[in-house]
Amino acid sequence: MMQILHSEDLSKILSTKEVELFQKLQKSISEINNNTNLTRLVKGDDYWISQVYDSIWPFYLNPNKLLDGKKFIDIGSGCGFPGLAYAITHPNSEVYLVDSSRKKTDALKQIIDDLNFSNNIFVINDRIENIAHNASFRNNFDIGTTRAVGSPSTVAEYILPMLNMSGLGLLYCGKWEKKDEIKIKNSLEILKGSIADIKKTQLPHRKGDRNIIFIKPEQKCPDSYPRGRGKPAKYPL
């Protein structure tokens, strides 16, 4: 089930236009960071590898870029990774960025204004435990992502209710062991989902191992999930 994607130079992956947009994104985040502490990963390899590369590598496992033209949701988007990185590399997709922090969603709106994206991008300041029970959003997305938000079982409970029946969830993880796989399989059984795939890469310049756990619905997630505010994090399935 594990597949290794060897590290590549970003210039071999990204177009000139995409590189320019990522440079503008870096500048915008840096300027906002002067007044609002969004992230410490804004310079050099911290930005280009730990933010940009780490966000986009799962979407380049398929050279046909079949993950464009989708309805995409990023839960706990923070300063915009992987959500805005996905938007830059998939300009035909509709992107929803969700974060419960007003400071972060205000910053995201400013960044979006600065960059003039091709996508339709919507920023939502709310908790996913609320949004997921809104009929306008539930079971409505082709792709859902979470990065640095919580344990795999917790974020699976956030993502699966948002996906349509052909949708795909991407859980970004650092270390991944057999015990983690057992835990999330138990959670997914309750949520009526399954693991679609697990892929692994080593980030350039010894920035660490990364795993992506791809999950998918098998049936519609029971209406009681996600549970109320804070419960998925405090009491993982």
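The values are calculated or read from the model by the stated rules, or taken from the named source; none is laboratory data. Quick caveat: nothing in here was measured; it's all calculated off a predicted structure. Glycine gets a Cβ as well: all are built from the backbone with ideal geometry, and neighbour counts include every protein chain shown.
It is to be established whether one or more residues within region 195-214 are closer than 23 Å to A135 by Cα and in contact with a helix residue (DSSP H, G or I) (Cβ under 7 Å, 6 or more places away or on another chain). No, the conditions are met nowhere in region 195-214.
Scan region 37-76 for residues that are of a type outside the set (A, V, I, L, M) and touching a residue at least 40 places away in the same chain (Cβ under 8 Å) and report the count.
So the count comes out to 14.
Residues in region 177-220 that are touching a residue at least 40 places away in the same chain (Cβ under 8 Å) and crowded, with 20+ Cβ neighbours inside 10 Å: S187, L191, T201, R210, I212, I213, I215, P217.
Annotation: L10 fulfils all but one of (1) surrounded by fewer than 19 Cβ atoms within 10 Å (Cβ to Cβ); (2) over 25 Å from I213 (Cα atoms); the unmet one is (2).
For region 147-186, name all the residues that are assigned to a loop (DSSP other than H, G, I, E, B) and either of a type outside the set (D, E) or in contact with a Phe, Trp or Tyr (Cβ under 9 Å, 6 or more places away or on another chain) (or both). Result: R147, A148, V149, G150, S151, G174, K175, W176. Listed here are the helices (runs of 4 or more DSSP H) enclosed by region 44-118 that have at least 3 residues being at pLDDT 95 or above: 83-89, 102-115. Considering (1) exposed (fewer than 14 other Cβ atoms within 10 Å of the Cβ); (2) under 22 Å from L41 (Cβ atoms); (3) not aliphatic (A, V, I, L, M), the lone condition that G230 does not fulfil carries the number (2). Inside region 138-176, residues that are buried (at least 20 other Cβ atoms within 10 Å of the Cβ), within 15 Å of K220 (Cα to Cα) and out of contact with any strand residue (DSSP E or B) (no Cβ under 7 Å at 6 or more places or on another chain) make up a count of 2.
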